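The values are calculated or read from the model by the stated rules, or taken from the named source; none is laboratory data. Because the structure is a prediction, the values reported are computed rather than measured. Every residue, glycine as well, gets a Cβ built from its backbone with ideal geometry; the counts of neighbours run over all protein chains shown. Surface areas here come from the heavy atoms of the whole protein model, side chains and all, with no ligands, DNA or RNA. Shrake-Rupley method; radii C 1.70, N 1.55, O 1.52, S 1.80 Å.
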Amino acid sequence: MIQNSSRKRQRPPHHHAYAIVEAFPHKTISEFSQKLPRTSFSFNDPSTADVILRFFIDRSPFDSSNPSDSARHSDLQIYLHSRVIFRAKYFSALLSDRWQHQANNHNAGHDSRTIANCNNMFHLNLGVHDDPTVHLTVLQLLYTYDFPTVIASASTALEILPVALELLFEDCVKACVKFLEAVPWSEEEEKRVLSSIPLLREEESKELLARVSPGEDDFYEEMLHGLIEKAMYSQPNMAFVKVFVAKLLRDFSSRESARRVLERAFDSNLRVVKESLEQYSRPDFRGDHNETEAIQRLHLHTAMTNGRHLLWLVERMIELKVADLAVKQWSEQAAFTVDLQKAFRDDAWRNIVPGLPAVMLRCTCKLASAVAAGTILSSRQVRMKLVKDWLPVLISCKDSVSPMLPSHKTLYLVLEETFLRIISTLPMSDAQVLLQQCLSFSTRNVEDCPHLVTAFNTWFRRASQPPQMENLG
C-alpha cells in the first residue's frame, strides 16, 4: 500500500518550475491566449500588465541538447497581472514585500534572475526543462478558472497537475484531482497517477488511493472468494461465469491464495452436500406425508446443486495443484459414503436427481486420478482410505443405476482402473483386502476387464517372490 502521511505542501525553489513540453514563439502565445474566456484582465496584455515573466530553459549538465535551443527558448516572455497571479501561492510569495526585500538584498551581491522590480514592473524568471506550453495553460487558468473546459481528459489533468503543484495553484490542483477521481485511467495513466500521489496531501490523495490500494491484507482473497461464490450461486448464465472465474483464478491468484479460497469454498460445499444427504437418509416421518416428501426432494436437490459446485471446485484445485487437502478430506468421509449408498438404494432419487451418482463419482474420479498420476502426493493411509470408503459407492452405483448410460459406463471403467492403480501402490496386506472387493469389476468375458486381470497378476507375482526382509539387514 502506498504510504501518504498528512503533510503541508512544500514551496518549490524560487528559481525553478518544471514542465515537459516544447517552446513556441510570441505569435503562438497570442493565439493561445484567445482560446479561453476572458476576465477583467487579459492574459498576456502588455498595456495593463505589471508583471513580466520570462521562461528560461533550466537544463541538466548531462543534457545533450543543443545549447542554442536554450537561447532561442529563453526569449519567451509573457505579460501578467499581480492581482491575478496572486491566486498561486508561488507567485504570492515571490511578490510579497518580505520576499522582494530578501531578493533585493540577494541581488546586491549576486546576479539572481528570479525577481526584480523596475518602474513598478515586476520581472520574474521561471525555469522549465523544455517547452512551457503546460505552464502557459496553468497561467491562463489563473485568469479564467475555466477548469471544466481545459481539464477534459485524464492525460491533460496529469500534464497540468505537476505544474499546478509547483506553482502552488491550489484550486487547479483540486480540479485536476477531482477529475482524476471521476474518470477511468489507462494503464499508463494509472502509473502516472501513482507517481503523483506522493506529491499530494493526504486528504487530496484519499480517493485516488482508494481506487488503487487495498485497505486490508485479505482484500485480494476476499475478492477471489466473492467471485467463486457469485459464479456458483448468483448468476443465471452459470456455466459461462464459471469459465471466466476459472480464468481469473489462473491469471491472478498466487498458489497459496488460490489454495485458501478454494479450500474455503470446498469445505462449505462439502458440508452442505453431507448435511443434505444425512437429512435425506434419516428423514423425520412425524409430519404430514406430503410435507415430508417435499422436504426429501429439497434435500436431494440441494445435494445435487452443491455437488455440481463441488465438482467445479475440485477441477479448479487440481488445475492449480492445490488439491492435496481436498483428497485428504475426501478420504475421511466414511459416514458420508454410507449415506450415499443408502440414498442410491432408494428409488426416489431416480426421478428427482438422476445425475447425482455421476456427480459424486466424478468428484471421486478427479481426485483419485490426480493421486494415481502423482499430481497429488498422498500418504499411504490417505490412498488406502480413499479406495476403501469410495469403492463401495462405485459398486452401489453400478448395481443400482439402470439402464446404464454410455457416459456412466465410461466413468465407471475409468474409476475402476484408477482404484486398481492406487491399490497397486499399497502394501500387499492392504491390497489383498481391497482387491477382493473389486471382483465386481469382472465381466462375462474375462478379456473385457484387462485392468482387473492386470491388478491380480501384479499382486500374485509379488506374492510369489521370496521374502526380502532378511536382505534389508
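Could you give the length gained on full extension between Ser440 and Met238, defined as 0.36 nm per residue of separation minus the Cα-Cα distance, in nm? Walk me through the numbers on the way to the answer.
On the way: separation 202, 0.36 × 202 = 72.72 nm, distance 3.79 nm.
Extra length available between Ser440 and Met238 comes to 68.9 nm.
Kindly flag which residue pairs out of Lys274/Lys409; Lys206/Lys230; Lys174/Lys242; Lys178/Lys242 have an alpha-carbon separation exceeding 31 Å in this structure. The partial results should precede the final answer.
Numbers: Lys274/Lys409 25 Å; Lys206/Lys230 29 Å; Lys174/Lys242 42 Å; Lys178/Lys242 37 Å.
Pairs exceeding the cut-off: Lys174/Lys242; Lys178/Lys242.
If I ignore ligands, DNA and RNA and count only protein heavy atoms, how much of Met223 is accessible to a 1.4 Å probe, in Å² to the nearest 10?
120
In whole angstrom, how far apart do the alpha carbon centroids of region 171-245 and region 355-380 sit?
Between the Cα centre of region 171-245 and that of region 355-380, the gap is 39 Å.
Keeping all protein chains in the complex and leaving out DNA, RNA and ligands, what accessible area do you get for Lys328 with a 1.4 Å probe, in Å² to the nearest 10?
90
Which translational diffusion coefficient, to the nearest whole µm²/s, is obtained for region 254-395 from the Stokes-Einstein equation, given a Kirkwood hydrodynamic radius over C-alpha pairs, 10 °C and 1.306 mPa s? Please list the in-between numbers first.
On the way: Rh = 15.7 Å.
The estimated diffusion coefficient comes to 101 µm²/s.
On a full-extension model of 0.36 nm per residue, what is the gain between Asp171 and Ala348, subtracting their alpha-carbon distance, rounded to one decimal in nm?
Values: separation 177, 0.36 × 177 = 63.72 nm, distance 7.31 nm.
Contour length minus Cα-Cα distance gives 56.4 nm.
Ranked from the most accessible area to the least, with a 1.4 Å probe and all protein chains present, what is the order of Lys409, Lys247?
On the way: Lys409 135, Lys247 90 Å².
Output order, biggest surface exposure first: Lys409, Lys247.
Taking all protein chains as present, what is the carbon and sulfur share of the accessible area of region 254-395, in % to the nearest whole number, probe 1.4 Å? Could the numbers behind the result be given before it?
Working: 3180 of 6410 Å².
Heavy-atom surface of region 254-395 belonging to carbon and sulfur, 1.4 Å probe: 50 percent.
So how do 435-444, 449-458 stack up, highest first, on mean other-Cβ count within 10 Å?
On the way: 435-444: 14.0, 449-458: 15.7.
In decreasing order of mean packing, 435-444, 449-458 become 449-458, 435-444.
If amide hydrogens are placed 1.01 Å from N in the peptide plane, which non-local residues have theirs closer than 5 Å to the one on Asn44?
Tyr79
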